[in-house]
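Just so it is clear, none of the values below were taken in a lab; they were calculated from the coordinates. What you see is a predicted model, and the numbers here were worked out from it, not measured in a lab. Because the Cβ atoms are built from the backbone with ideal geometry, glycine has one as well, and the counts that use them run over all protein chains shown.
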Amino acid sequence: MPDSPPPRAAIYRYDAVDRQLVEQRVAEYRSQLTRFLAGELSEDDFRPLRLRNGLYIQRHAPMLRIAIPYGVLSSVQLRMLARIARDYDRGYGHFTTRQNLQYNWPKLEDTADILALLASVEMHAIQTSGNCVRNITTDEFAGLAPDEEVDPRPIAEILRQWSTFHPEFAYLPRKFKIAINGAAEDRAATAFHDIGLRLWRDAAGTLRVRVSVGGGMGRTPMLGAVIREDLAWQHLLTYTEAILRVYNLHGRRDNIYKARIKILVRALGAAEFARQVEEEWAALRDGPSTLIDEEFDRVAAHFRLPEVRAAVSATQEPLADQERAAFERWRARSVHAQRDGRFAVVLSLKETGVAPGDATDAQMDAVADWAERYGRSEIRVTHEQNLVIPHVPEARLTALWREARRQRLATPNLGLLTDIIACPGGDFCSLANAKSLPIAAAIQQRFDDLDYLHDIGELNLNISGCINSCGHHHAGHIGILGVDKDGSEWYQVSIGGADGSALSHGRAAIGRIIGPSFAAEEIPDVVEKLIATYLQSRLPGERFVDAAERLGVEPFKHSVYGDRQRAAAAEATADA
């Protein structure tokens with residue numbers, strides 16, 4: 001531990017109103033839970049109450065989803081998540097693509113106590129489920145990245161406060177997701193959200209907002225349509241309210257599969273949807289929700305960095321000869337320069353043999369310690385299901401790497417094939433058609449060779465256990481979707497998806513299905529054949545996603561199905 005008190009993280013801190021709201025919600029839920037356990041509330045009555053507090057009933061046990069607003073945690077909060085995992089779960093938590101954390105094994109009767117512990121460190125599970133505005137996400141390097149034009153965190157926090165408990169949007173036709181980006185690279189996958197916000201500054205330095213609507217994955221994947229290029233930031237809440245009102249009025253409530261806003265945007269057309277939003281906004285513009293400088297400054301003040309502690313030595317700890325190559329490989333993939341000269345270190349939760357996104361209580365405690373000793377008591381959660389410690393001086397990178405290796409958090413595979421995004425799938429989720437985690441493990445084991453991974457180059461592989469797409473398979477360079485076929489688990493494969501990040505050259509695209517689905521045991525071979533086709537056909541410097549766009553599906557399809565087609569033809573000949 002540091003000799004002096006650890007620095008205070010630059011995150012939003014609750015005021016008296018925030019604290020009262022969250023504590024009242026905990027007390028309210030405790031009363032509802034007590035009545036349910038006593039048989040005074042039916043399951044039908046209790047269901048909407050528990051969902052409002054992030055509690056699902058999954059395949060084996062309740063699942064509690066904890067909000068991590070825009071993916072930012074303090075070391076104190078992460079230690080509390082570790083304590084809950086240790087005392088109330090099975091010693092681990094699962095970080096999700098929504099920058100949340102899920103506990104898979106809490107006891108129902110303990111959930112009110114868990115929420116009370118979360119409230120004690122300014123956390124909650126409010127609006128992590130249900131048909132409401134869910135956790136607002138953004139770039140894991142927000143406020144740090146050299147390519148950032150506007151820090152999105154103050155806007156994300158303002159939107160969070162505005163949307164929490166908003167009575168008009170507590171019962172939307174379906175769940176609603178907002179993502180914000182303020183950098184040249186879109187690390188927030190805004191094109192795949194119900195509302196995607198791109199913050200930018202005009203020639204006069206004034207903050208403006210580009211608004212896209214109707215993106216999403218799931219059964220009908222779509223990219224969002226831009227409906228306003230240059231909204232003044234003061235009108236962000238009123239304009240968002242206008243969008244939600246149009247959706248609330250016209251969104252399908254008769255069919256859960258057609259209830260998302262993307263279906264409404266497609267049915268009306270983007271131009272007509274935008275016209276209706278503008279018409280609704282005319283009555284809201286300049287109303288009480290119009291933002292003012294004082295409110296923005298109040299929230300933004302929370303994200304200003306504290307005073308820098310005494311300067312650390314500029315000399316990095318020496319590396320032994322046998323360490324140097326491993327350290328440099330890790331640094332090349334896991335360490336990102338900040339614009340202030342410090343570094344953001346990504347800790348991989350993708351070690352072979354471990355479910356993607358899972359972290360043990362010991363690992364979470366260790367990361368909290370490192371954030372205090374090497375950074376500024378702050379941790380970020382990425383939508384790729386990894387963790388980030390920002391504000392690390394260069395001289396401390398060696399020491400942090402050594403500790404991360406001991407905790408199995410330094411796998412240098414970020415952005416490579418085994419840095420897999422995966423939902424919990426059929427091992428836990430009652431909605432899933434198939435398991436995700438065994439498929440991820442089989443692929444990781446097949447490609448557990450760092451030299452080969454680096455030869456393949458940057459490649460996203462995403463796995464979802466059902467069409468709800470929690471594993472973002474539509475946006476994977478290679479996407480795998482679990483499907484049910486006559487009661488058996490099968491897997492559909494797509495290629496060419498792109499999330500808008502630098503790994504996809506800033507392009508957002510929906511993956512294309514290559515053909516009929518595969519049995520679970522076939523998937524590692526299928527992936528290997530896709531990779532072999534790419535390696536045989538790639539141009540100098542060309543990534544897998546670029547080759548998939550250039551070549552189209554056919555060469556990959558032929559490599560995967562060729563043997564199957566020949567066998568089917570031979571069998572047909574023999575039968576004749």
Cα-based convex hull, the range 315-452, per residue volume (Å³, whole number): 115
Mean projected area in nm² (Cα convex hull; one quarter of hull surface) for the range 218-373: 16.2
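Quick one: length gained pulling F296 to E542 fully straight, 0.36 nm per residue minus the C-alpha distance? Show your work: numbers first, answer last.
On the way: separation 246, 0.36 × 246 = 88.56 nm, distance 4.30 nm.
Gain on extension, F296 to E542, equals 84.3 nm.
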Table column - 3J(HN,Hα) (Hz), the range 372-387, Karplus curve with 6.51, -1.76, 1.60, x for Gly and Pro: 7, 7, 10, x, 10, 6, 10, 10, 10, 10, 9, 6, 8, 6, 10, 10
The range 16-120: equivalent-ellipsoid semi-axes (sqrt of 5 x gyration tensor eigenvalues, Cα, Å): 22, 17, 12
The range 443-508 - Rg over Rh from alpha carbon coordinates, Kirkwood radius: 1.04
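Hey, can you rank 419-428, 10-19, 339-348, 76-85 by average C-beta count inside 10 Å, highest first? Display every interim value, and only then the final one.
On the way: 419-428: 25.6, 10-19: 14.5, 339-348: 19.9, 76-85: 22.5.
Listed from highest to lowest mean packing, they are 419-428, 76-85, 339-348, 10-19.
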Relative compactness, the range 421-575, computed as alpha-carbon Rg over 2.2 N^0.38 Å: 1.04
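In terms of the ratio Rg/(2.2 N^0.38 Å) built on C-alpha atoms, what value belongs to the range 121-248? Mind showing how you got there, number by number?
Numbers: Rg = 14.2 Å, N = 128, 2.2 N^0.38 = 13.9 Å.
For the range 121-248, the normalised Cα radius of gyration comes out at 1.02.
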Normalised convex hull volume, the range 60-100, alpha-carbon set, Å³ per residue: 70
Cysteines in the chain lacking a second Cys C-beta under 4.7 Å: C132, C429, C466
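Counting pairs of alpha carbon atoms under 8 Å apart in space and at least six apart in sequence, what relative contact order in percent does the range 238-348 give?
Working: 49 pairs, mean separation 23.7, N = 111.
That works out to 21 percent.
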Cross-link reach list, lysines versus K435, counting only Cα pairs under 19 Å and skipping chain neighbours closer than eight places: K350, K485
Highest average packing first - 53-63, 223-233, Cβ atoms within 10 Å: 53-63, 223-233
Length-normalised contact order for the chain - Cα pairs under 8 Å, 6+ apart - percent: 13
Dimensions (Å) - the chain, Cα atoms, principal axes, largest first: 78, 64, 61
Cross-link reach list, lysines versus K175, counting only Cα pairs under 20 Å and skipping chain neighbours closer than eight places: K258, K262
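To one decimal place, what orientation-averaged projected area in nm² is obtained for the convex hull of the Cα set of the range 236-303? Don't skip to the end; give the middle numbers.
Details: hull surface 24.6 nm².
In nm², the orientation-averaged hull projection of the range 236-303 is 6.1.
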Cut-off under 5 Å, modelled amide H: who pairs with L409 long-range: none
Within the chain, helix-based [θ] at 222 nm, where runs of 4 or more DSSP H residues each add -39,500 (n - 2.57), nearest 500: -11500 deg cm²/dmol
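How large is the Kirkwood hydrodynamic radius of the range 376-477, in angstrom, based on all distinct alpha carbon pairs? Kindly include the intermediate steps, with their values, before the conclusion.
On the way: mean 1/r = 0.0656 Å⁻¹.
In the range 376-477 this quantity evaluates to 15.2 Å.
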Relative contact order (%) - criterion: Cα under 8 Å, at least six apart; region: the range 16-120: 29
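Rank by packing, highest mean first: peptides 378-386, 246-254, with packing defined as the count of other Cβ atoms within 10 Å averaged across residues.
Working: 378-386: 25.1, 246-254: 16.3.
Taking the mean over residues of other Cβ atoms within 10 Å, the ranking is 378-386, 246-254.
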